[in-house]
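Visitor: The structure's right below; bear with me while I get my questions together.
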Amino acid sequence: MYLFISRICLLVAFVTSTGIASFSQDAKVDSLQKKFNTYRIQTASEKIYVHTDQELYLTGETLWFKLYLVDASLHRPADLSKVAYLEILDKANQPVLQSKVSLQDGFGNGSLFLPASLVAGNYTFRAYTNWMKNLGADFYFQKRITIINPFKKLELEKSAKVLPPDVQFFPEGGNLVSGLKSKVAFRAINPSGNGINFSGVVLNNHGDTITAFQPHKFGMGSFYLTPSAGDSYQAVIQDEKGRLNIFKLPEIREAGYVIQVKDSTDKLIVVSIRSNVSLTPGKGVHLFMHTRNMVSMAGKYYLSPGDTVVTIEKNKLQEGVSHITLFDDDLTPVCERLYFIPVRTRLSVAVQPSQREFGVRRKIGLDITTKNNNNEPEVANLSIAVYRTDSLQQKSENNILSYLLLNSDLSGSIESPEYYTNSDSPEVLQSLDNVMLTHGWRRFQWKDVFAKSTRAPGYFPEYRGHIIRGKLTSPAGLPVSGVTTYLASPSINVQIYGSTSNGQGDVQYEMKDFTGSRKIVLQTNSVRDSTSRIQVLNPFSESPSALILPSFQLSPELEEELTARSIGMQVQDIFFQDKNSPLKSTTIDTTSFYGKADATYNLDDYTRFPVMEEIMREYVPGVMVRKRKDGFHFMTLDVVNKKLFDEDPMVLLDGIPVFDIDDIMEFDPLKIKKLEVLTRRIYHGVVSMPGIVSYTTYTGDLSGFTLPPKSVTLDYEGLQQQREFYSPKYETAKQRDTRLPDQRNLLHWSPTVITGKDGKQHVEFYSSDLTGTFLVVIEGLTKDGVAGSGSGTFQVMAYDN
């Protein structure tokens, strides 16, 4: 983890003070920076972005995705977590699909088949790592997708009664203070989470109109207010249909601080600090600023006669969301404000089709170019989706750049995030400032920074593979500590995992190459512990999503397009069922955890005996069979120390531990294909084994062996097995003339396209029988954390070219 954290650097900005205020650095500022940096190191976090091939799907189709995992500060590909969790949640926040995906060097990809059991509606698609669960669901990647089920009667959500808009007011810095002029930002959204247009006025408690206001864009805007002591204020807004609603403004504080942040010039930011608090000589305020936990400035300022102005050079600040906090002399935070530095460094992604128009079933070539800000070639890791656009499917308003620099650092959802990163026009900059004023910082709270001790994380990074977590309890439900537990999966590939329960009864198993659906068995040593119970914990987050899902509505005018796409999907499934989404071939280490055995016996090479005891006595000289009052025991030779072990060896059947030797002696030996013996002590994690006797059946699935009643057996989904995106080729006239229909809406999906040192890459695929406009969407990231996206279009026409 510390290698991951060490890449975070500190930047110190040049700061000047103007007017009669003065600036100084003191011990409290040093203490603040040290506490902040300590907290940053101890809580280094990740961000994850997901590029999905489309935003709208039909049941029966496959959703394809590419994962980009980065460190939260520099946005460089992160190698901390090796597993990502993906979920599709319905409107009630219940998961309808879940999957675990392998990550390598910060990247991963996979697919989700959308079954016909899903009802039509809007869903939340979210992704996170185990490490990210420590910070809560607000930090997960999440976005809205739409799924339509053409096999069920479409039941649109009934419109509920007209709900008033949600209107909130946000004084700049946090508070309205008597006698101090403040900017007050506002945000007005409908039940779907989108901004509304309206006109409004602010009234005092005497009914006097103080000011009028209206939104600038997306329901957001601001006005100025100088509150008076003893007064209260309310806003009356009127929407476009003439409906009136009344909202209270925040309460007025008699004493406190306010700040105002604005652009002085194109190169300078001015932070104005005002207060009506009487400060004793020598006491001042502290201004602290950071961008994604990288410190930009920290200093102490003296207010005289109650205000001061701090000027900051923009070029000393990192792009993206900066967090400005004002502390009083006791280092109590009194004001906070977000400020956005427009995007300076982006990956330029250009795509050029080999021609503007293509015929059906023809080769399409895309020339892709990636460049940096200096117009120089840049190597980048890209994902590419090519799909047909129509009234159902439109281009997404999300992209990797806007997510990393904007959405991921702010609370709440951002409407049309791409709008804010595509331009730095005055209108966009004003809209951006409104976002900063109305969407709070969500990465931490200052009380966590100042805490005397950092709470131990409840979830750890899955650095080597998926971690299965469980809890060991007594029959009374109390945690049991200090007991070694075992997890294994019946298989010819023998792997076993051990974990000793801690004081809370927690156990966890770090799995290796654990993919696909498997049966797993968890147990304690039944000879020594016959009462403890093991419960496997849910590996997915149980925190609900706060994403607002709008009511699902579908215009009747789209019925024809929906029917055509549904028929096309079904046709593809019928004619290409054997080729659609084949599993990728993977190379997995099949070596047993104990390596090469000291002796191996293929029982078909010997005379078969009907009793296991005869086999062990006749064929296996390294294992002596003893029968005592309490049953059978194996005595294994310790070749290292040239003596017999004092205890039974680890006995395995298809990789599952068998602790009662009587059970294995009663098993039908004719079901055993192979027997391996290790005559030395083996250490595997927390498990010490005085030799191993490993039986393998012909089927590798225990062949009917009865496990102890206290063992836990269940089907468990490991990491997702990746599938290949299938696209037919039409290289010859014979292939083009085949009568098999080709109704592909998604022409191409490639999750891993790497541009060369010249910043170029060429991609080829074939058009289908569908005509229309096709959209190319490309997302990407460099090794230095520079993100970017690009898009282009081409036409497919119903003629031969």
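The values are calculated or read from the model by the stated rules, or taken from the named source; none is laboratory data. Predicted model only: the values in this text are computed from it and were never measured. Neighbour counts run over all protein chains shown; Cβ positions are idealised from the backbone, glycine included. Surface accessibility is based on the protein's heavy atoms, side chains included, excluding ligands, DNA and RNA. Shrake-Rupley method; radii C 1.70, N 1.55, O 1.52, S 1.80 Å.
Visitor: Compute the angle between helix 559-575 and the longest alpha-carbon principal axis of the chain, please, reported from 0 to 90 degrees and rounded to the nearest 10.
Guide: Helix 559-575 and the main axis of the chain meet at about 20 degrees.
Visitor: Counting only DSSP beta bridges with both residues in the chain, tell me the antiparallel percent, nearest 5.
Guide: If I count the DSSP bridges inside the chain, around 95 percent turn out antiparallel.
Visitor: Okay, moving on. Would you kindly state how much longer the chain becomes between N641 and D701 on full extension, computed as 0.36 nm times their sequence separation minus their alpha carbon distance, in nm to one decimal?
Guide: Value of the extension gain: 18.1 nm.
Visitor: Take the alpha-carbon positions of the range 476-633, form their convex hull, and give its projected area averaged over all directions (one quarter of the hull surface) in nm².
Guide: That works out to 19.8 nm², a quarter of the Cα hull's surface.
Visitor: Applying 1/(1 + (r/R0)^6) with R0 = 51 Å to the Cβ-Cβ distance of T591 and A92, what FRET efficiency is obtained, to the nearest 0.05?
Guide: Plugging the Cβ-Cβ distance into 1/(1 + (r/R0)^6) gives 0.65.
Visitor: Among the lysines, which fall within straight-line cross-link reach of K395, defined as a Cα-Cα distance under 18 Å, with same-chain neighbours fewer than 8 residues apart omitted?
Guide: K66, K143
Visitor: Mind putting together the pair-distance distribution for the range 499-544? All Cα pairs, 5 Å bins, whole percent per bin, short to long.
Guide: Final binned percentages: 5, 12, 22, 25, 17, 13, 4, 1, 0.
Visitor: Return the FRET efficiency for the residue pair L244, S192: r is the Cβ-Cβ distance, R0 is 22 Å, and the value is rounded to the nearest 0.05.
Guide: Rounded to the nearest 0.05, the efficiency is 0.55.
Visitor: From a point 7 Å beyond the Cα of S416 in the direction of its Cβ, which residues of the range 207-234 have a backbone N at a distance under 18 Å?
Guide: 214-222
Visitor: Give me the distance in nm between label points sitting 7 Å out from Cα along the Cα-to-Cβ direction at T752 and Q553, one decimal.
Guide: Label at T752, label at Q553, 4.4 nm between them.
Visitor: Let me ask another. Pairs of lysines 8 or more apart, or on different chains, with alpha carbons under 19 Å: count those in the range 173-330, would you?
Guide: Count of close lysine pairs: 13.
Visitor: Suppose only helical runs count, i.e. DSSP H with n ≥ 4. What mean residue ellipticity at 222 nm does that imply for the chain under -39500 (n - 2.57) per run, divided by all residues and rounded to the nearest 500 deg cm²/dmol?
Guide: Taking each H run of at least 4 residues, the total per residue is -3000 deg cm²/dmol.
Visitor: For the range 160-203 and the range 423-483, what is the centre-to-centre distance using only Cα atoms, to the nearest Å?
Guide: About 29 Å separates the Cα centre of the range 160-203 from the one of the range 423-483.
Visitor: Can I ask one more? Could you please state how large a percent of the accessible area of the range 457-511 is carbon and sulfur, counting protein chains only and using a 1.4 Å probe?
Guide: Here carbon and sulfur together make up 52 percent of the probe-accessible area.
Visitor: If I compute solvent accessible area with a 1.4 Å probe over the protein chains, what percent of it on the range 617-691 is carbon and sulfur?
Guide: In the range 617-691, the share of accessible area belonging to carbon and sulfur is 49 percent.
Visitor: Taking just the alpha carbons, could you work out the radius of gyration and Dmax for the chain, both in angstroms?
Guide: 32.2, 105
Visitor: Continuing with this model, one more query. Hey, can you find the accessible area per residue of the chain for me, probe 1.4 Å, expressed in square angstrom?
Guide: Ligands and nucleic acids excluded, the figure is 46 Å² per residue.
Visitor: Follow-up. Using Cα pairs closer than 8 Å and at least 6 residues apart in sequence, work out the relative contact order for the range 723-769, in percent.
Guide: Here the relative contact order equals 49 percent.
Visitor: Modelled label-to-label distance, S278 and F540, 7 Å Cα→beta-carbon offset: nm?
Guide: Between S278 and F540, the label points sit 6.1 nm apart.
Visitor: Hey, another quick one. Quick one: Cα centre-to-centre distance for the range 69-141 and the range 371-401, in angstrom?
Guide: If you average the Cα positions of each part, the centres end up 20 Å apart.
Visitor: Please give the helix 426-438 orientation as an angle from the longest Cα principal axis of the chain, in degrees from 0 to 90, rounded to the nearest 10.
Guide: 70
Visitor: Filter the trypsin sites (Lys or Arg not before Pro) in the range 640-705 down to the DSSP loop ones having no more than 11 other Cβ atoms within 10 Å, then list what survives.
Guide: Here the sparse-neighbourhood loop sites are K642.
Visitor: Something else about it: Scaled to the compact-protein estimate 2.2 N^0.38 Å, what is the alpha-carbon radius of gyration of the range 460-525, rounded to two decimal places?
Guide: 1.16
Visitor: Further question: Compute the FRET efficiency between E666 and S688 as 1/(1 + (r/R0)^6), taking r as their Cβ-Cβ distance and R0 = 30 Å, and round to the nearest 0.05.
Guide: The value I calculate is 0.65.
Visitor: What share of the DSSP beta bridges in the range 613-737 is antiparallel, in percent to the nearest 5?
Guide: 85
Visitor: Please compute the alpha carbon radius of gyration of the range 625-766, then divide it by the globular-protein estimate 2.2 N^0.38 Å. Two decimals is fine.
Guide: 1.89
Visitor: Write out the trypsin sites (Lys or Arg not before Pro) in the range 597-639 meeting two conditions: DSSP loop, and at most 13 other Cβ atoms within 10 Å of their Cβ.
Guide: Passing both the DSSP loop test and the Cβ count: R608, K629.
Visitor: Now a separate question. For the chain, take the longest principal axis of its alpha carbons; what is the angle in degrees between that and the long axis of helix 27-42, to the nearest 10 within 0 to 90?
Guide: 40
Visitor: Here's a follow-up. How big is the gap, in Å, between the Cα center of the range 753-797 and the Cα center of the range 636-672?
Guide: 58
Visitor: Starting from the range 588-682, pick out the GluC sites (Glu not before Pro) whose DSSP state is loop and whose Cβ has at most 15 other Cβ atoms within 10 Å.
Guide: E647, E666
Visitor: In the range 158-277, what percentage of the DSSP-assigned beta bridges are antiparallel, given to the nearest 5?
Guide: Antiparallel bridges make up about 95 percent of those DSSP assigns within the range 158-277.
Visitor: Rg over Rh of the range 546-683, using C-alpha atoms and the Kirkwood radius, what does it come to?
Guide: Rg/Rh for the range 546-683 comes to 1.38.
Visitor: Taking the mean number of other Cβ atoms within 10 Å as a proxy for protection, how do you rank 212-219, 756-763 from highest to lowest?
Guide: Taking the mean over residues of other Cβ atoms within 10 Å, the ranking is 212-219, 756-763.
Visitor: Let me ask you something else. How much length is gained if the chain between E560 and D166 is pulled fully straight, taking 0.36 nm per residue apart and subtracting their Cα-Cα distance, in nm to one decimal?
Guide: The span from E560 to D166 would gain 138.2 nm if fully extended.
Visitor: For E254, put the label point 7 Å out on the Cα→Cβ axis and report which residues of the range 317-338 keep their amide N under 20 Å from it.
Guide: Only 334 pass the distance filter.
Visitor: Related question: Taking the Cα-to-Cβ direction at K262 and at L429 and moving 7 Å from each Cα, how far apart do the two end points lie in nm?
Guide: My value for the distance between the label points is 1.3 nm.
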